[in-house]
Every structure is written in structure tokens, then in C-alpha cells.
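*Asks:* The following block contains the structure, expressed as C-alpha cells.
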Amino acid sequence: MLCQRCNNKEATVHLTKIVNGEKNEVFLCEECARETGQLPFAGNDPFSFQNLLSGILNPEINSYNTGIKQGDKCGTCGLSYYDFTQNGLFGCADCYETFNDRLNPLLKRIHGETVHNGKVPQRKGGHLRKKRQIKELRDEMKDAVKNENFEKAAEIRDKIKELEDNDGGE
Amino acid sequence: MSLKDIINNNVTHWISGEGPDNEIVLSSRIRLARNIEDEPYPNQASKEEKQSVSKRVIEAISSQKQLKLHYINLADMPELERDLLVEKHLISPVHAREGYEKGVFLDDNERISVMINEEDHIRIQVLTPGLQLDETWELASELDDLLERKLDFAFSEKWGYLSSCPTNVGTGLRASVMVHLPALSLTNNIGKMLTAVSKLGLTVRGIYGEGSESNGSIYQISNQVTLGHSERDIIDNLNSVSKQIIGQEKQARQYLLQEKESEVIDRIRRSFGILNFAYKISSDEAMKLISNVKLGIDMGIIDNVDKKVLSELMVLTRPAHIQKINGKELSISERDIKRSELIQTRLKM
Ligand SMILES: [Zn+2]
Ligand SMILES: [Zn+2]
């Protein structure tokens, strides 16, 4: 079969696009496929999130054009939110903190949810659990002090110290 | 080396045509995206930073003794060999292209692959034949735990495993099955199936290439969402949808046998005839014909060919495999000739 675009070369790229459940087939030569962005050099799916992100974030991009705050950059890797809207990729783990405010609506749109509900790493998860435990003990200690139960407060204080020491030694 | 040896050397575990529900499900795959806490993601990292990531992952994997994995530095690997790994689905097409400090760990039967410095620092993949998502997940999760003993993964209490792309945040899990649905295609039911599947939070795409063809009626179905649902829920959902699709495809095959028997038999035998006698076959045409003949074997219309052979041929007839088997680079036309030779030799073996 010949390429549907140039009608000249052999069509080697067969694309099946599914838009709203409807299937469309396109046959292109490799050159035409690249030229029309159907077969990007990066090898990305033309319907991938990266390519759709600009669309999703249109209001954001417009607000950039009218001047998003300068210095709106991740302090660790230097990525700006505008950079992020261009390729859809974060630069480092700290980007999640840096762009914290804007992530909830974005993640909600992608996943329908905003809170992780799956596996927790064992080592780091242990640390998180310990952090939660310490926080609970601190609240208990405050209550004990308020009730002038100083003996109990001291006991809890020692327990907290023990937990914190262990944590640092990990 | 005989052709048999060459084929055996090139056939990975998942291509064996075995596993549960193998007349419809070719393979099950689990992928986990993981990143090291204090390193920039590959898209922002310098050559040295990527080197540091490679080094840390190599150390972590080498220090565990449970799983025997071999490291391949992709920069040291000829392009053709890298393409071979792509055709076997062991690395992604993006990972096969030029770039610093890209590597992959593989086990002996190529069931496990761990990509280093792909879109994320680490992509753990387990690929098994047939429908066995639970076993596949367990192995991937075990490998994840082994690595986590040595590496601090970027993880947030709220958002889970942090990844380079926000579509992977949370579980970092992509579960998928590769299904062969020729009867749903022949009965024009594929569109309906695709719509239904997308409403259930799953995506469907053709195999071989992100954004490429779905020729040979082979589709890959995977979860769309990674945040807010547990790994268990994601896998259970894909499992139950897969079982429904298997049921639908079986019904469509039954219908074809009852209502269109002579047309179907004719189509399958013609395909078998072309595979056996053509002088040149393009990879697209080969996929379609192989798909028809595999259907013929699965439906009992062709009974003198081992069904494993057709699953194998789906991969062996891809361009990099044809060139590898012939030991040299070939033009498209040469490949088409060698492809039909290979198919004919293999069908007689
Ligand atoms: Zn063209
Ligand atoms: Zn950053």
C-alpha cells in the first residue's frame, strides 16, 4: 500500500487512532509519519499525556503568557512550571513540593483521585509510621502535662526520645 | 548453528505460547516506575548524575542474591540488538535510542527486565506468557522490595511513589495484557469492546510501538490510572475485564463457526497457503496472516501445526529478528524474501 499523504512511498506506518471509541486507520510512510508528528523521534505516543498536557493546562499557559511569577522554579532542579507544561515531566522529586498547590487539580483530572492508596515502601514506610507514632505521643504528653500528670508525661517523653534516637540511627 | 538453535536462542519465555488462556492472551506484564529520592529525573539530569543513578542501581541489584540478573549497558550494544530487545518487549523504544547511561538488567529466561534511566530512574518489568497477572505482580513487587532495601525511593505520604510523569504517580504501576482478538475484529465488535474497556478505566493500544498499528488483531490493554487505587484493585479490575474479553472473543469464535463456517475456513486456509508459498511477505502482511492461522489452530481448523510456532512467528518475523537470524542488515525487499523463507522453514520444522 502507498502512503496516504505523499502517494509515493510504501506505507510502513499503520496507525490506529481511537477517538471517542471510534476507530480510524491511517497508512503513512515513515517520513510522512514523522513530518506530521505521528511518529515523533522521541518515540512517544502521539496521544500520550505529554502531548495532551498543553491542552489540559491551557489556562495555565495563558496565565504564563500574561506573566506567571518569576522565580516560580523548583529550587532543586531548576524546572519552572512553564517548562513542565511544555513536556509534561517533572525534573526531580522536590518538584512535587514546589508545585504542590497546582498538583491537586491536575492529578484529580488525570487520576480522578489525589491521595495514594497503595503500597508503601518498607524502610521509608517504617519511618513514616514512626513519625505518626511520635506525633501521637506528643499529643498524649501535652494532655498529661495539662492534667498535671507529670510522672506520665516524663514516661512518654522518654518513649519519644527512644523512638527519635532509633530513627536517627537507621 | 541450526535455525532451531537460533530460534531457541531468540525466543523468550513469554513468546512460548503457553500459560493460562493462551489461545487469547499472549502475555501479562507488570511495570513499576521507581525513582531514587535525591537524584534528578533522567530528563533533567546531567551525564554525571545519570552515571551516579546507574551506579547506585547496579550496586543495589548486584548486592542481592535471590534473583540472578545480568546487566547490559545499552551504549555498548549494537542498534540491531537493541531493536531486538524492543521487539521482544524487554525495553521500550525510547530506551533503545541514543542517550547516556542507559542500561537494562535481564534474567536468564528474559522474564524480568529492569530499565535504568528510562523516563524514570528505574522501571521494573515482569513479563509472563498467558493470563497470570497475580503471579507477575508478586514477582515485580518482590523485586521492588529487594531494591528498596538498598535505595531510598522518592515517596510521599500523600502522592505515593513520585515519578517523572504525573500519569505514573501513586502506585507507579502499569499492568497490561496482550490479547489476540481476531474473531471480535472479524465480527466488527472490536469498536464496541474498545469503548466499553475505556469506560472501565483501561486503555487499549496496538502492539509494537507506542502509537503504532494494531495489525494482527493484537491489542494491549492496561490500567489508565495509578493514583488513589491500590495495586490489588488495579490488577483485579484488569483481570476481570480480561476474563470478560476472553469470554466475548470465545463467543465470537463460536458464532463464526456456526454462522460463517465456510468463509472462516476459507480465509484461514488461504492465509496458511500464502504463508507456505509466498516469495515475499511484508511484516504487516505476515502479522495478519499469522493472526489468521493462529485463529485456525486455536479453533481446530488447522491441526498439523504446533500452536506455539505461530506465537513465536509473531515476534520472529519482526524486522530486527529477521536481520539477526540472517546475521546481517537487510534492505526492506531482502527482508520480505527472508521473512517468507523463515516462515516456510519454521512451519515445516
Ligand atoms: Zn509519504
Ligand atoms: Zn525539581
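*Asks:* For the subset of the range B:219-234 comprising residues that are surrounded by fewer than 21 Cβ atoms within 10 Å (Cβ to Cβ) and more than 9 Å from chain A (Cβ to nearest Cβ), which member is modelled with the highest pLDDT?
*Replies:* My answer is B:SER222.
*Asks:* Restricting the search to the range A:103-155, which residues are farther than 17 Å from B:THR171 by Cβ and among the hydrophobic types (A, V, I, L, M, F, W, C)? Outline the logic, then answer.
*Replies:* Filtering the range A:103-155 down to residues farther than 17 Å from B:THR171 by Cβ leaves A:104-106, A:109, A:123, A:126-127, A:129-155.
Scanning the range A:103-155 gives A:LEU106, A:ILE134, A:LEU137, A:MET141, A:ALA144, A:VAL145, A:PHE150, A:ALA153, A:ALA154.
*Asks:* Need the failing condition index for B:SER63 against (1) exposed (fewer than 14 other Cβ atoms within 10 Å of the Cβ); (2) more than 16 Å from ligand 2 (Cβ to nearest atom); (3) more than 17 Å from B:ILE122 (Cβ to Cβ), just the number.
*Replies:* All conditions pass for B:SER63, except number (3).
*Asks:* Which ranges mark the helices (runs of 4 or more DSSP H) fully within the range A:72-150 that have 3 or more residues being away from ligand 2 (no atom under 16 Å from the Cβ), modelled with pLDDT under 90 and out of contact with any His (no Cβ under 9 Å at 6 or more places or on another chain)?
*Replies:* Here the list reads A:100-111, A:122-146.
*Asks:* Here's something else I'd like to know. Looking at the range B:225-240 only, could you name the residues that are assigned to a helix (DSSP H, G or I) and in contact with a strand residue (DSSP E or B) (Cβ under 6 Å, 6 or more places away or on another chain)?
*Replies:* So in the range B:225-240, the residues assigned to a helix (DSSP H, G or I) come out as B:231-240.
B:GLU231, B:ILE234, B:ILE235, B:LEU238 - these are the residues of the range B:225-240 that are assigned to a helix (DSSP H, G or I) and in contact with a strand residue (DSSP E or B) (Cβ under 6 Å, 6 or more places away or on another chain).
*Asks:* Could I ask something else about it? Evaluate the following for A:GLU136: is it surrounded by fewer than 18 Cβ atoms within 10 Å (Cβ to Cβ), touching a helix residue (DSSP H, G or I) at 6+ places or on another chain (Cβ under 7 Å) and more than 9 Å from every other protein chain (Cβ to nearest Cβ)?
*Replies:* On the way: surrounded by fewer than 18 Cβ atoms within 10 Å (Cβ to Cβ): yes; touching a helix residue (DSSP H, G or I) at 6+ places or on another chain (Cβ under 7 Å): no; more than 9 Å from every other protein chain (Cβ to nearest Cβ): yes.
Judged against the criteria, A:GLU136 is not a match.
*Asks:* When you look at B:GLU312, is it over 26 Å from A:LYS9 (Cβ atoms), at pLDDT below 95 and not assigned by the TED database to the domain that holds B:ILE24, yes or no? I'd like the intermediate steps shown before the answer.
*Replies:* Values: over 26 Å from A:LYS9 (Cβ atoms): yes; at pLDDT below 95: yes; not assigned by the TED database to the domain that holds B:ILE24: yes.
Answer is yes for this residue.
*Asks:* With the structure loaded, tell me whether B:LYS50 is surrounded by fewer than 18 Cβ atoms within 10 Å (Cβ to Cβ) and either farther than 18 Å from A:LEU89 by Cβ or within 14 Å of chain A (Cβ to nearest Cβ) (or both) or whether it fails that test. Steps first, please.
*Replies:* Details: surrounded by fewer than 18 Cβ atoms within 10 Å (Cβ to Cβ): no; either farther than 18 Å from A:LEU89 by Cβ or within 14 Å of chain A (Cβ to nearest Cβ) (or both): yes.
Answer is no for this residue.
*Asks:* I would also like to ask the following. Consider B:GLY216 carefully, then state whether it is within 7 Å of chain A (Cβ to nearest Cβ) and not in a loop (DSSP other than H, G, I, E, B). It would help to see each step written out before you state the result.
*Replies:* Values: within 7 Å of chain A (Cβ to nearest Cβ): no; not in a loop (DSSP other than H, G, I, E, B): yes.
No.
*Asks:* Additional query: Would the range B:83-95 turn up any residue that is closer than 17 Å to B:LEU139 by Cβ, without any contact (Cβ under 8 Å) to a residue 12 or more places away in the chain and assigned to a loop (DSSP other than H, G, I, E, B)?
*Replies:* To start, the set of residues in the range B:83-95 that are closer than 17 Å to B:LEU139 by Cβ comprises B:89-90.
Next cut, without any contact (Cβ under 8 Å) to a residue 12 or more places away in the chain only: none.
Within the range B:83-95 (the criterion being closer than 17 Å to B:LEU139 by Cβ, without any contact (Cβ under 8 Å) to a residue 12 or more places away in the chain and assigned to a loop (DSSP other than H, G, I, E, B)), the answer is no, since none of the residues qualifies.
*Asks:* Among the numbered criteria (1) part of a loop (DSSP other than H, G, I, E, B); (2) facing chain A (nearest Cβ under 8 Å); (3) modelled with pLDDT of 85 or more, which single criterion is violated by B:GLY211?
*Replies:* So the condition that B:GLY211 fails would be (3).
*Asks:* For the range B:150-163, which positions are touching a strand residue (DSSP E or B) at 6+ places or on another chain (Cβ under 8 Å) and within 7 Å of another protein chain (Cβ to nearest Cβ)?
*Replies:* Let us first name the residues in the range B:150-163 that are touching a strand residue (DSSP E or B) at 6+ places or on another chain (Cβ under 8 Å), namely B:151-155, B:159-163.
Scanning the range B:150-163 gives B:ASP152, B:PHE153, B:ALA154, B:PHE155, B:TRP159, B:GLY160, B:LEU162.
*Asks:* Ok, one more. What do you reckon, is B:TYR71 away from ligand 1 (no atom under 16 Å from the Cβ), outside any helix (DSSP H, G or I) and within 24 Å of B:HIS13 (Cβ to Cβ)?
*Replies:* Details: away from ligand 1 (no atom under 16 Å from the Cβ): yes; outside any helix (DSSP H, G or I): yes; within 24 Å of B:HIS13 (Cβ to Cβ): yes.
Here the answer is yes, as B:TYR71 does meet what is asked.
*Asks:* Only residues in the range B:59-81 that are outside the structural domain of B:GLN323 (by the TED database) count as the first member; pair them with residues that are part of a loop (DSSP other than H, G, I, E, B) and among the small types (Gly, Ala, Ser), Cβ under 9 angstrom, at least 6 apart or cross-chain, and list the lot.
*Replies:* The qualifying pairs are B:LEU74/B:GLY99; B:ALA75/B:GLY99.
*Asks:* How many residues, within the range B:66-98, are in contact with a Gly (Cβ under 7 Å, 6 or more places away or on another chain) and of a type in the set (Val, Ile, Thr)? So that I can check it myself, show each step before the final result.
*Replies:* As a first pass, look at the range B:66-98 and keep what is in contact with a Gly (Cβ under 7 Å, 6 or more places away or on another chain): B:71-74, B:93-94, B:97.
Next, only the ones that are of a type in the set (Val, Ile, Thr) stay: B:72, B:94.
Selection size over the range B:66-98: 2.
The values are calculated or read from the model by the stated rules, or taken from the named source; none is laboratory data. None of these values were measured; they are calculated from a predicted model. Cβ coordinates were reconstructed from backbone atoms using ideal geometry, including for glycine residues, and neighbour counts include every protein chain displayed.
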